[in-house]
Amino acid sequence: MSTVGEARVLAIAHTEASSGWGGQEIRILNEAAAFRLRGHAVQVYAAQGARIVAEAGRFGVPVTTLPIGRKRPRGLVALVRALAQRPVDIVNAHSSTDAWLAALACRALALAGRPTPVLVRTRHVSVPVPNDLATRWLYREATACVVTTGERLREQLIRDNGLDPARVVSVPTGIDPARFAPTPRAAARSRLGLPLDVPLVGIVATLRSWKGHRFLVEALGRLARRDARLVIVGDGPQRAALEAQVAESGCADRVRFAGQQDDVAPWLSALDVFALPSYANEGVPQALLQAMFARVPCVTTDAGAIPEIARDGDTATIVAKEDPAALAAGIDALLADPARAVAQAERAYAFVAPRYTETAMVERMEAVFRTAIVERGARR
C-alpha cells in the first residue's frame with residue numbers, strides 16, 4: 001500500500017458540471033494541485049466546454065471532459081464508466097447537477113459490486129437547498145459529508161435541512177500568503193497602466209448579478225472624491241449590462257473593465273479600497289480574503305458568510321446591501337482617512353493570516369476525506 005508519510009495515498013475525483021469560471025472553480029483547481037503536491041492522485045471530471053477544462057493545465061491538474069453539464073442518462077453512464085475504469089477513494093462533487101450524477105453513479109457501482117468511492121459534497125454558495133424527499137436522500141444518505149465554505153452555510157444546512165451536524169464541516173477557501181503579499185502601490189499601478197495620482201476603488205469578482213457590481217457603479221457617481229476611479233476585474237454574464245450602465249452614468253472615463261486576469265494580485269496591490277457589495281449567495285469570498293491578505297482596506301456587506309471575516313469597524317467596513325448611497329459613504333470614509341484605512345487593513349490581515357491559508361484548507365480537506373472513508377468502513 002502506497003503512503004504519504006505514514007498515511008495512505010488518496011485517489012480523489014472532483015466533479016464539476018458548471019461551465020462558469022469564478023471562485024468555486026479556482027478553489028477546485030488550487031485544492032487539486034495542492035493535493036497532488038502532497039502525493040495524492042487527483043482527477044477532475046468536468047462538463048464539456050467548461051472553462052475549468054481550459055484552465056486546468058495552468059494549475060497542473062489532469063482533467064477529463066464528460067457530458068455531465070446536465071442531468072441526463074448519458075452523463076450518468078459516462079461517469080459510471082469513468083469511475084469503474086479508474087477507481088477512486090473519494091468523489092468530491094461541487095455543483096448540483098454533478099452531485100446528483102455522482103450520487104447515482106456511486107449507487108450504480110455499489111449495486112454492480114464494483115469498488116465504490118465515498119461521496120463528499122462541497123457547497124460553495126448559500127443558495128437554499130430544497131427539502132424534498134429526493135434531496136434528503138442525496139444529502140443524508142448518498143453523501144458521506146457535506147463541506148461548506150463558511151460556518152453560516154453549515155448552520156443553514158443543519159437548521160433548514162436537518163442535516164447531522166457531525167456530517168457537515170465548514171472549510172473556507174484558503175489563500176497562498178506569498179502570492180498575495182502586498183507590493184508597492186505605485187509599482188503595481190505602473191505595471192498595469194493605471195493612474196498614479198488618483199484614488200482607485202476596485203472589485204475582483206465574476207460579473208454576476210448578486211456580486212452587486214451595479215451598485216458599485218452607481219456608488220462611484222456619489223463619491224465625494226470626484227477624481228476616484230473604479231477598476232472592475234473579472235468577466236461574466238453581466239458584462240454587457242454593466243458596460244451599458246457605465247456608458248449611461250456619465251462616468252465612463254472613470255471606469256476600467258480589466259476583464260479576466262490570471263493573476264489578480266497586482267490589481268489588488270494597486271487599489272486604495274477593495275469593494276465587494278454582494279447581496280446574496282456568498283460563502284467566505286475568495287476575493288475578499290485575497291484583498292485582506294494583500295492588506296487592502298475593504299468595504300463589503302453582511303451577505304452569506306462574509307461576517308466570518310468582515311467585522312464592521314475592525315477588519316472591514318460593512319454597509320447595507322443593495323444601497324449605493326451607503327456603499328459610497330463607506331468608501332468615502334476610508335478614502336478620507338488613510339490612517340484608519342491602513343489600520344483596518346492591518347487588523348484584517350492579522351485576523352485572516354493564521355486562519356485562512358491554503359495549507360490550512362488542504363489539511364482540513366484531507367482530514368475530511370480520511371474521516372469519511374473511515375466512517376464508511378465502520379458502517380459496513
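Data overview
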quantity: Near pairs, Cβ below 7 angstrom, 6+ apart or cross-chain, from the stretch 46-59 (closer than 18 Å to A102 by Cβ) to any residue that is assigned to a helix (DSSP H, G or I); calculated: A46/I52; A46/V53; I52/E25; I52/I28; I52/L29
quantity: Scan of the stretch 69-82 for residues that are closer than 15 Å to E16 by Cβ and either free of Cβ contacts under 8 Å to residues at least 24 places away in the same chain or buried (at least 20 other Cβ atoms within 10 Å of the Cβ) (or both), ordered by number; calculated: G69, G75, A78, L79
quantity: Selection status of V127, over 28 Å from the mean Cα position of the chain (by Cα) and either under 23 Å from P172 (Cα atoms) or surrounded by 15 or more Cβ atoms within 10 Å (Cβ to Cβ) (or both); calculated: no
quantity: Residue selected from the stretch 113-124 under the condition in contact (Cβ under 8 Å) with a residue 24 or more places away in the chain and not charged (D, E, K, R), by the criterion most open to solvent (accessible area, probe 1.4 Å); calculated: P115
quantity: 3 or more residues farther than 21 Å from I373 by Cβ: qualifying strands (runs of 3 or more DSSP E) within the stretch 46-155; calculated: 63-66
quantity: Among residues of the stretch 309-351, those that are outside any helix (DSSP H, G or I) and more than 11 Å from F215 (Cβ to Cβ), counted; calculated: 11
quantity: Condition met for D132 (touching a strand residue (DSSP E or B) at 6+ places or on another chain (Cβ under 7 Å), more than 22 Å from G22 (Cα to Cα) and not hydrophobic (A, V, I, L, M, F, W, C)); calculated: no
quantity: Residues (farther than 19 Å from R222 by Cα, out of contact with any Phe, Trp or Tyr (no Cβ under 8 Å at 6 or more places or on another chain), open to solvent by 10 Å² or more (accessible area, probe 1.4 Å) and in a loop (DSSP other than H, G, I, E, B)) located in the stretch 254-280; calculated: D262, D263, V264
quantity: Of all residues making up the stretch 215-231, the number that are free of Cβ contacts under 8 Å to residues at least 60 places away in the same chain, out of contact with any Cys (no Cβ under 8 Å at 6 or more places or on another chain) and either open to solvent by less than 40 Å² (accessible area, probe 1.4 Å) or closer than 16 Å to Y279 by Cβ (or both); calculated: 1
quantity: Leading residue by the ranking (surrounded by the most Cβ atoms within 10 Å (Cβ to Cβ)) among those in the stretch 188-209 that are not β-branched (V, I, T) and not in a loop (DSSP other than H, G, I, E, B); calculated: G202
quantity: Residue among A240, A224, A258 that alone is farther than 21 Å from D312 by Cβ and more than 21 Å from the chain's Cα centre (by Cα); calculated: A240
quantity: Residues (under 19 Å from H14 (Cβ atoms) and either out of contact with any Phe, Trp or Tyr (no Cβ under 9 Å at 6 or more places or on another chain) or among the β-branched types (V, I, T) (or both)) located in the stretch 109-141; calculated: L109, P115, T116, P117, V118, L119, V120, T122, R123, H124, V125, Y139
quantity: Residues being open to solvent by less than 20 Å² (accessible area, probe 1.4 Å) and either part of a helix (DSSP H, G or I) or at pLDDT 95 or above (or both) - total across the stretch 12-32; calculated: 12
quantity: Residue among G212, G234 that is surrounded by 17 or more Cβ atoms within 10 Å (Cβ to Cβ), of a type outside the set (D, E, K, R) and touching a His at 6+ places or on another chain (Cβ under 9 Å); calculated: G234
quantity: Any hit, the stretch 162-180, residues being part of a helix (DSSP H, G or I), open to solvent by 20 Å² or more (accessible area, probe 1.4 Å), touching a residue at least 12 places away in the same chain (Cβ under 8 Å) and of a type outside the set (V, I, T); calculated: yes
quantity: So R38, is it modelled with pLDDT of 95 or more, in contact with an Asp or Glu (Cβ under 8 Å, 6 or more places away or on another chain) and surrounded by fewer than 18 Cβ atoms within 10 Å (Cβ to Cβ); calculated: yes
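The values are calculated or read from the model by the stated rules, or taken from the named source; none is laboratory data. Just so it is clear, the structure is predicted and the values come from calculations on it, not from any experiment. Reconstructed Cβ throughout: ideal geometry from the backbone, glycine too, with neighbour counts over all protein chains shown. The protein model used for the area step is the full one, side chains on, heavy atoms only, and it has no ligands, DNA or RNA in it. Shrake-Rupley method; radii C 1.70, N 1.55, O 1.52, S 1.80 Å.
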